[in-house]
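To start, the structure itself, in structure tokens.
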Protein chains: 2
Amino acid sequence: MRSTETAADRIPAHPDVAAVPLQAVLEALVDPVRRSIVTQLADAAADIRCGDFDLPVSKSTATHHFRVLREAGLIRQHYAGTSRMNTLRRTEFETAFPGLLTALTQATHTAAVTARQESPKAG
Amino acid sequence: MRSTETAADRIPAHPDVAAVPLQAVLEALVDPVRRSIVTQLADAAADIRCGDFDLPVSKSTATHHFRVLREAGLIRQHYAGTSRMNTLRRTEFETAFPGLLTALTQATHTAAVTARQESPKAG
């Protein structure tokens, strides 16, 4: 083999969450698509493949959003075969920004419930 | 008197915090000047006059930031004589977005402490 590249080499370094400024975290979370990615991860019992999120954007736009979340210390990415997987860095993030992730996911769920109550579908 | 305008008339209506979308709240709080206004109010034991905040912006820019915070349900404004006073809508906001304000003010304080530790001043 001439190349020694491994799957790990294809993923850029992840920041130390404690070193991420609050400003970067809020700029990541102010975007509704990125907040949706975080909420879907928070609700899932397992990691989610990049292609398996329910998102209203193109694949290349989604890739941009994953990068912003990774650089803000919110998600960790790794390869499983050829699939890029995403993990919420829940424990590390909770240590660095106590209560923030819980408050945001709870507020997102409350908003979703309110929206369903206000526009009930027949059937 | 020909005018029946009262001090109350000079302040626009305040929204019901429960009706403010999370998106509007986060767009208000992503700005560092607005976050500083909220933190100063959270730390103060009393209301703060618009002119008494420690802010790095002009008076007209500050007025814009107060308006965004008022429309996001974060502050309540009223007149005391000719002074426009600001109150954090802490209890109402906590009911609508549990834990969010606490998490943000705590993160802001942690960041401030870290910044002081990293650049200690002599004397």
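How big is the protein assembly as shown by the Kirkwood estimate over distinct Cα pairs, in Å?
Numbers: mean 1/r = 0.0488 Å⁻¹.
Evaluated on the protein assembly as shown, it is 20.5 Å.
Sorted by accessible area (1.4 Å probe), largest first, how do A:T39, B:T114 line up?
Working: A:T39 15, B:T114 55 Å².
In descending accessible area the options line up as B:T114, A:T39.
Assuming 0.36 nm per residue, please report the length gained on full extension of the stretch A:E71 to A:V33 beyond their Cα-Cα distance.
Numbers: separation 38, 0.36 × 38 = 13.68 nm, distance 1.58 nm.
Using 0.36 nm per residue and subtracting the Cα-Cα distance, I get 12.1 nm.
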TODO: Enumerate the calculated ³J(HN,Hα) couplings along the stretch A:32-43 in order (Karplus 6.51 cos²θ - 1.76 cosθ + 1.60, θ = phi - 60°), each rounded to whole Hz, writing x wherever the residue is Gly or Pro.
DONE: x, 5, 5, 5, 5, 4, 5, 5, 4, 5, 5, 7
Open item on the list: Please list, ordered by chain and number, the residues whose modelled amide H lies under 5 Å from the amide H of B:Y79; skip anything fewer than 5 residues away on the same chain.
Closed with: B:M85
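Ignoring ligands, DNA and RNA, what percent of the 1.4 Å accessible area of the protein assembly as shown is carbon and sulfur?
Values: 7590 of 14160 Å².
The C+S portion of the solvent-accessible surface of the protein assembly as shown is 54 percent.
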Task: Rough spin-label spacing in nm, given labels placed 7 Å along Cα→Cβ, for B:S83 and A:T61 - done: 4.8 nm
TODO: Over the protein assembly as shown, give the accessible area per residue in Å² for a 1.4 Å probe, as an integer.
DONE: 58 Å²
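Evaluate the charge dipole of chain A about its Cα centre and quote only its size in Debye, nearest 20, assuming +1 on the Cβ of each Lys and Arg and -1 on the Cβ of each Asp and Glu.
Numbers: 14 positive and 13 negative charges, 61 e Å.
Once rounded to the nearest 20, the dipole reads 300 debye.
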TODO: Taking each pair of different alpha-carbon atoms in the stretch A:52-122 once, compute 1/r for the pair, average those values, and report the inverse of that mean as the Kirkwood hydrodynamic radius in Å to one decimal.
DONE: 14.5 Å
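Give, in nm to one decimal, the length gained when the segment between A:A18 and A:A112 is fully stretched (0.36 nm per residue of separation minus the Cα-Cα distance). If you can, show how the numbers build up before the last one.
On the way: separation 94, 0.36 × 94 = 33.84 nm, distance 3.04 nm.
Between A:A18 and A:A112, full extension yields 30.8 nm more.
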Open item on the list: Charges on Cβ only, +1 for Lys and Arg, -1 for Asp and Glu, centred on the Cα centroid of the stretch B:69-123; of B:T108, B:L69, B:A80, which one is farthest towards the dipole's positive end?
Closed with: B:A80
Task: Integer Hz, Karplus 6.51/-1.76/1.60 couplings in order for the stretch A:105-118, x for Gly and Pro - done: 5, 5, 5, 5, 5, 4, 4, 5, 5, 4, 5, 5, 5, 7
Open item on the list: How shielded is B:96-104 by partner chains, expressed as the average number of their Cβ atoms within 10 Å of its Cβ atoms?
Closed with: 6
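So what is the calculated 222 nm ellipticity per residue for the protein assembly as shown, using -39500 (n - 2.57) for each DSSP H run with n of 4 or more, over all residues, to the nearest 500 deg cm²/dmol? Intermediate values should be presented prior to the final figure.
Values: 10 runs with 118 residues, N = 246.
Theoretical 222 nm ellipticity from helices: -15000 deg cm²/dmol.
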Open item on the list: Normalised radius of gyration for the stretch A:1-91, please: alpha carbon Rg relative to 2.2 N^0.38 Å, two decimal places.
Closed with: 1.10
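The values are calculated or read from the model by the stated rules, or taken from the named source; none is laboratory data. Quantities reported herein were computed from a predicted structural model and do not represent experimental measurements. Quick reminder, even Gly has a Cβ in these numbers, built from the backbone with ideal geometry, and neighbours come from all protein chains shown. Ligands, DNA and RNA are stripped out before the accessible areas are found, and what is left, the full protein with its side chains, is counted by its heavy atoms. Shrake-Rupley method; radii C 1.70, N 1.55, O 1.52, S 1.80 Å.
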